[in-house]
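One structure below.
Laboratory data are not the source of any read-out in this text; all were calculated from the coordinates shown. This structure is a prediction, so every number in the text was calculated from the model and none was measured. Positions of Cβ are backbone-derived with ideal geometry, glycine not excepted, and every protein chain shown enters the neighbour counts.
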Number of protein chains: 2
Amino acid sequence: MRKRKIGEKELTIAVAQDAKTKQVLMVAFQDEEAFQKTRETGEMYFYSTSKRKLWRKGEVSGNTMAVKGTRVDCDGDALLYLVDSKGGACHEGYDSCFYRDFDGKIVGKKLFDPKDVY
Amino acid sequence: MRKRKIGEKELTIAVAQDAKTKQVLMVAFQDEEAFQKTRETGEMYFYSTSKRKLWRKGEVSGNTMAVKGTRVDCDGDALLYLVDSKGGACHEGYDSCFYRDFDGKIVGKKLFDPKDVY
């Protein structure tokens with residue numbers, strides 16, 4: 001995989017897509033460690049650019065993602081993971097982080113109240 | 001939308017997904033100009049990080065993308081466009097840029113020979 005300088009770090013873009021519904025759930029980043037941990041465990045790991053550390057998806061919320069399939073794009077700087085998402089993917093309680101359109105209209109499904117989780 | 005320093009420029013990640021099949025077609029970037037041009041025209045524009053300029057998707061290949069729906073993610077640094085993709089999305093001739101899995105197995109559909117186009 002190819003990395004890009006994103007903020008302060010060399011990272012690869014990682015997209016998670018629901019393996020069954022094909023809904024795009026989230027876009028985040030992976031460094032080498034997150035990539036390898038994901039390969040080894042079959043669970044999604046990212047590099048958190050805000051916390052500047054390895055982030056196991058669902059480590060707080062319990063909403064983990066199990067990898068069911070993998071794709072790499074033509075120039076290798078973006079990875080696509082087909083996943084089985086447990087609970088809502090978004091920390092705001094929705095099924096997907098892409099729960100709004102450009103006009104702010106809510107198009108996602110609310111699955112939990114963030115206050116109950118974080 | 002929120003931008004991140006990606007390489008030398010402040011950019012937003014833009015994912016194109018087929019509005020009908022839900023296949024993820026490509027991941028690229030938008031600066032303000034590409035974002036606005038896309039809004040105005042209803043056709044996908046990106047910022048090319050290799051050519052360092054505005055890039056109308058399909059300007060060479062004719063394989064344009066018409067915007068059918070929009071999504072923004074929770075923290076605003078990634079945009080998802082639901083598109084009607086004309087011809088193959090990938091410059092390597094495939095339906096999607098994500099035509100290989102991590103083991104290199106071809107899982108995409110070849111729609112044209114790049115030699116005939118570029």
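Looking at A:Arg52, A:Arg56 in this structure, which one is farther than 16 Å from B:Leu79 by Cα, loosely packed, with under 15 Cβ neighbours inside 10 Å and more than 8 Å from chain B (Cβ to nearest Cβ)? Walk me through it before giving the result.
On the way: A:Arg56 fails: loosely packed, with under 15 Cβ neighbours inside 10 Å.
The match here is A:Arg52.
Against the conditions (1) surrounded by 19 or more Cβ atoms within 10 Å (Cβ to Cβ); (2) over 13 Å from A:Ala66 (Cβ atoms); (3) not hydroxyl-bearing (Ser, Thr, Tyr), where does A:Ala16 fall short? Just the number, please.
Going through the list (1) surrounded by 19 or more Cβ atoms within 10 Å (Cβ to Cβ); (2) over 13 Å from A:Ala66 (Cβ atoms); (3) not hydroxyl-bearing (Ser, Thr, Tyr), A:Ala16 breaks only (2).
Give the residues of region A:26-49 that are more than 13 Å from chain B (Cβ to nearest Cβ) and closer than 27 Å to B:Lys109 by Cβ, sorted by residue number.
Of everything in region A:26-49, just one residue is more than 13 Å from chain B (Cβ to nearest Cβ) and closer than 27 Å to B:Lys109 by Cβ, namely A:Met44.
Return only the number of the condition from (1) closer than 15 Å to B:Tyr45 by Cβ; (2) within 8 Å of another protein chain (Cβ to nearest Cβ) that B:Asp73 does not satisfy.
(1) is the only condition that B:Asp73 fails.
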